[in-house]
Structure formats: C-alpha cells, structure tokens
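Step one of this worksheet: look at the structure below.
The values are calculated or read from the model by the stated rules, or taken from the named source; none is laboratory data. Because the structure is a prediction, the values reported are computed rather than measured. A quick note on method: Cβ atoms are made from the backbone with ideal geometry, for glycine too, and the neighbour counts reach across all protein chains shown.
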Amino acid sequence: MTFGFARAGSVLFWASGPASETRPPPPLPLAAVVLLLGLMVAWTLAAGPMTESLQLTARQALDRSAYIGAVLGPDVRLAGGD
C-alpha cells in the first residue's frame, strides 16, 4: 500500500500538462526576487559606511554620562561617579 501511494504521488508530481497550458510566471514574484538581490548588492557595497554608522550609534547608546546629562541636566552630580 505504501508503495502504491509513493508511485501515485510520483506520477502526479512529475506529470506534465499539455504544452498549451504553460504560461510565463507572474511578474510580481520575479520583481520581488530582483529587488531583494539588488538590496543585497547595495548592502554589500555600503557595508563600510553602515558599519561606521552602527558603531557610532552603539557608542552613543552606551555613553551613560551623555544620557544622564541630557535627561537630568548638565549640572547634576551622581553618587556613582558618572
């Protein structure tokens, strides 16, 4: 019985219809693939500037004294030394 299902599945999966039923693929999926490939190339070319920008953002996010000064004001002294 298992072999029968396997054979029937293979016949249905690999069966090809008449040549008149074939049509070109829709343009939207092709456009999506081309767009994603283009974005991948753009990210590759902009890797250096993006890395610098992200490192600067990380440094700013980890600078506690600038954050505290912006929130509490520049003249605030904290007990922890920041």
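Looking across L54, L62, one residue alone is without any contact (Cβ under 8 Å) to a residue 24 or more places away in the chain and surrounded by 10 or more Cβ atoms within 10 Å (Cβ to Cβ). It is L54.
Do the conditions hold for S20, that is, is it at pLDDT below 75 and not in a loop (DSSP other than H, G, I, E, B)? Against the criterion (at pLDDT below 75 and not in a loop (DSSP other than H, G, I, E, B)), S20 qualifies.
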